[in-house]
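Below is one structure, written out as structure tokens; comments come after it.
No lab work stands behind these numbers, since they all come straight from the coordinates. In this text the structure is predicted, and so the values were computed from the model without any measurement. Here the Cβ positions follow ideal geometry from the backbone for every residue, glycine too, while neighbour counts run over all protein chains shown.
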Ligand SMILES: [Zn+2]
């Protein structure tokens with residue numbers, strides 16, 4: 001089980017160092033298209049993985065409906081999931097997705113409606129976007145967060161937690177087929193402590209030196225699979 005023991009090792013909370021956020025990636029793709037083209041011509045110019053997939057609705061419906069944990073919103077658990085946060089690979093309802101955008105900002109979470117356009121985005125998916133939902137899913141995210149003792153019924157603030165930030169990066173690295181140059185965060189600080197520090201731009205690990213001595217109890221290897229591509 002990897003532990004971040006080197007004091008200089010820092011989790012980057014935002015992807016400015018090694019990658020654009022998904023939101024910015026798609027904004028740039030759109031901007032890179034020359035003006036005056038028909039939607040069809042635009043599609044031809046885009047890399048294959050960023051061309052709109054015509055059967056995305058049925059693929060997403062299948063992903064959502066075939067797994068009980070994806071069917072309902074990961075946050076409120078009462079509404080049917082009709083949106084996704086690609087950043088975390090999770091199925092979520094529109095209301096909770098809006099809250100997530102409020103907390104994370106539009107660059108911090110990339111929300112898309114699953115089946116039909118909404119005020120949060122359009123329901124046109126490409127192959128690259130679909131991979132986030134195929135490789136991710138509510139069960140996996142929930143399990144990862146539970147490893148850090150962060151329960152999903154805690155508010156959407158948990159998406160600011162460094163464990164969630166790490167998960168998001170690990171998921172993306174796996175999809176991009178690149179090595180993630182950071183290790184999973186250590187356990188030992190609470191959600192409240194973590195988000196308090198992060199909101200002030202401080203790495204909580206530097207404030208809890210005893211974290212370094214805490215060992216991961218139990219066999220959680222499976223939960224960390226996503227980090228081991
Ligand atoms: Zn919800």
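A simple spin-label model places the labels of residue 53 and residue 146 2.7 nm from each other, with each point 7 Å out along Cα-to-Cβ. By other beta-carbon atoms within 10 Å, ranking 162, 187 with the fewest at the front produces 187, 162. FRET efficiency for the residue 24 to residue 117 pair, using the beta carbon distance and R₀ = 22 Å, is estimated at 0.55. The Cα atoms of segment 96-144 cover 29, 26, 17 Å along the three principal axes, with the biggest extent listed first.
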